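**Student:** Sharing a structure below in structure tokens format, with a few things to ask.
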Amino acid sequence: MKRLLLLNGPNLNLLGTREPGVYGQKTLADIEHEVETTLKENGWEFDAFQSNHEGDLIDAIHESRYETTGIIFNPGAYTHTSIALRDAIASIDVPVIEVHISNVHKRESFRHTSLISPVTWGQIVGMGTVGYTLAAQAFIDHFREENEDGESNETT
């Protein structure tokens, strides 16, 4: 069975109350429920993890290499600062889609550069919380096509 990890970085535990004009009203639990529902309807298993600590996120990425088909990752502010998270993603053979709720390219200039995106399968930016579900659907569709074709689709 396919398994997806929904991974969220610092301050995303405060969704729903943190800058709702930027990030919306949905909580992280709401997002997790929506992604889990989408995945389970398509026969996937689901894990979610959030941490405000870089090392914990790195550990989760490393551990994912054993039983995870894909990772949806919102690294939060670590997007722009963490070479360690970039290296952790590069060190595993699991495709990652980077997600950001806000359009980081319309915000402060320091948010315009992602150290993470060069080692990800793709990036969804500025679509609000639906970006998480879009990422889940991308994994579902990709691996459905892989199974139908009987071939491996390149994701990294």
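**Student:** Identify the chymotrypsin sites (Phe, Trp or Tyr not before Pro) of the range 44-143 meeting these criteria: DSSP loop state and at most 13 other C-beta atoms within 10 Å of the C-beta. Can you show the working numbers first?
**Tutor:** Working: sites: Trp44, Phe46, Phe49, Tyr66, Phe73, Tyr78, Phe110, Trp121, Tyr132, Phe139, Phe143; in loops: Trp44, Tyr66, Trp121.
Those satisfying the criteria are Tyr66.
**Student:** Here's something else I'd like to know. Please state the charge dipole magnitude for the chain, taken about the Cα centre, from unit charges on C-beta atoms (+1 on K and R, -1 on D and E), reported in debye and rounded to the nearest 20. Provide the component values of the computation, followed by the final result.
**Tutor:** Values: 11 positive and 24 negative charges, 149 e Å.
For the chain, the charge dipole is close to 720 debye.
**Student:** What number do you get for the range 1-43 when its Cα radius of gyration is normalised by 2.2 N^0.38 Å, N = residues? Each step should come with its number before you reach the end.
**Tutor:** Details: Rg = 12.2 Å, N = 43, 2.2 N^0.38 = 9.2 Å.
Normalised Cα radius of gyration, the range 1-43: 1.33.
**Student:** Picking from Ile31, Leu14, Met1, whose Cα lies most toward the positive end of the charge dipole for the range 1-41 (charges on Cβ: Lys, Arg +1; Asp, Glu -1)?
**Tutor:** Met1
**Student:** Would you rank Arg3, Arg65 by solvent-accessible area, highest first, keeping every protein chain in place and using a 1.4 Å probe?
**Tutor:** Arg65, Arg3
**Student:** Which is the longest stretch in the chain that no exposed loop site breaks, taking sites as GluC sites (Glu not before Pro) with a DSSP loop state and at most 13 other Cβ atoms within 10 Å?
**Tutor:** Values: sites that count: Glu67, Glu108, Glu151, Glu154.
Between exposed loop sites, the widest span is 1-66.
**Student:** To continue, here is another question. What percent of all Cα-Cα pairs in the chain falls in each 5 Å bin, counting up from 0?
**Tutor:** Spelled out bin by bin, the chain gives 2, 9, 20, 24, 22, 14, 6, 2, 1, 0 percent.
**Student:** When the accessible area of the chain is computed with all protein chains present and a 1.4 Å probe, what percentage of it is carbon and sulfur?
**Tutor:** Carbon and sulfur atoms account for 47 percent of the accessible area of the chain.
The values are calculated or read from the model by the stated rules, or taken from the named source; none is laboratory data. Every value quoted in this text rests on a predicted model; they were computed, and no experiment measured them. FYI the Cβ positions are ideal-geometry reconstructions off the backbone, even for glycines, and counts take in every protein chain you see. Just so you know, the surface numbers come from the protein's heavy atoms only, side chains and all, with ligands and any DNA or RNA stripped out. Shrake-Rupley method; radii C 1.70, N 1.55, O 1.52, S 1.80 Å.
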